Amino acid sequence: MTTAALPEYALTAAADLRAIREQWGDLLDAIEQRPADQWPPVDNIREHLAAVDDEPFIGRVPLTLRQHPAPANLDALDAAIETERAIFAACDDTAARHQRPVRFIATERRGRDRYQPDPTDSDDPNRWTPATHHGARVFRPGSRRYGLHWAAVWLEARALGEQAGDLFSPLDDDTHAALAYTTRTARRHIEQALARAGRRTDLLDPCPWCRGLLLARTVPGGEPSVTCNTGEPCTAPVALDKGRRVWRGADLAALWVALDAARMGTA
């Protein structure tokens, strides 16, 4: 199925799932860190801006199966657990509706045909295997053992209509709509826990070049920025945007260095 043929909420769900994956490592790290009092890039700028080529840390064992000794950030922990529950449940529901059941094959034993699940089909890496429960306790985690990152990749493939032979049928409108709602809600929970849900904050430090007021902004799913309110007279070595100096992307690292130097009295 081409992208043009997909409903808008399928593309939205796919984008939200990518954002969830990209921020998942940050959320797991945040569980063990006290919530920041200031805008995150001020306290966490090096981690936020680091150009990391490696894959982010991915928890292989689901959070719901772990013990959490005295987490420092309960908001982050709650967001992580709720996100896992929602994404895993969405995988279970999508598989129940749109994944072909495991085929059975005949084997002869003592002159009689017996039927058993085809191990090649049941072990297909494209297949989502739901957890099986024994009472209230998870007995076998199924595909959940691979963690949220893999679950989000699997869901994105279903949202975009990627096929694996005859294993999947296209998602219907109801499933698309439910998936879009789930992924948007999960992404919002993560970004709120990480204080990235769209904020405007006056920074305590003045501009290192003109001593003007610095305004920090975060945008859901977008990059953070810092604006100097002085305007064109500010001599900071960044481009003007609507008459004001604005730091984005890699320029934020230079701003952080300048702010740190000013605090140390070496600017």
Contact list, first residue from the range 81-99 and within 17 Å of residue 177 (Cβ to Cβ), second anywhere and hydrophobic (A, V, I, L, M, F, W, C) and open to solvent by 30 Å² or more (accessible area, probe 1.4 Å), beta-carbon distance below 8 Å, six or more apart or interchain, is 90/178; 93/178
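Being open to solvent by 10 Å² or more (accessible area, probe 1.4 Å) and either among the basic types (Lys, Arg) or assigned to a helix (DSSP H, G or I) (or both) is the filter here; which residues of the range 155-175 pass it? Quick ask: steps written out before the conclusion?
Keep residues of the range 155-175 that are open to solvent by 10 Å² or more (accessible area, probe 1.4 Å), which gives 156-158, 160-166, 168-174.
Of everything in the range 155-175, those that are open to solvent by 10 Å² or more (accessible area, probe 1.4 Å) and either among the basic types (Lys, Arg) or assigned to a helix (DSSP H, G or I) (or both) turn out to be 156, 157, 158, 173, 174.
When residues of the range 104-127 are filtered for being hydroxyl-bearing (Ser, Thr, Tyr) and touching a residue at least 12 places away in the same chain (Cβ under 8 Å), how many remain? I'd like the intermediate steps shown before the answer.
Here is the first cut: in the range 104-127, the residues hydroxyl-bearing (Ser, Thr, Tyr) are 107, 115, 120, 122.
Among the residues that remain, those that are also touching a residue at least 12 places away in the same chain (Cβ under 8 Å) are: 122.
The qualifying residues number 1.
Can you work out which of the residues in the range 235-244 that are open to solvent by 40 Å² or more (accessible area, probe 1.4 Å) and in contact (Cβ under 8 Å) with a residue 12 or more places away in the chain is nearest to the chain's Cα centre (by Cα)? Talk me through it step by step, then tell me what you get.
We begin by selecting, within the range 235-244, every residue open to solvent by 40 Å² or more (accessible area, probe 1.4 Å); these are 235, 237, 239-242, 244.
So of that shortlist, the ones also in contact (Cβ under 8 Å) with a residue 12 or more places away in the chain come out as 235, 237, 241, 244.
On the way: 235: 37, 237: 33, 241: 30, 244: 32 Å.
Applying the filter and picking the extreme gives 241.
The values are calculated or read from the model by the stated rules, or taken from the named source; none is laboratory data. For clarity, every value in this text was computed on a predicted model and none was experimentally measured. Cβ: placed from backbone, ideal geometry, glycine included. Neighbour counts: every protein chain shown. Ligands, DNA and RNA are excluded from the accessible area calculation, which covers all protein heavy atoms including side chains. Shrake-Rupley method; radii C 1.70, N 1.55, O 1.52, S 1.80 Å.
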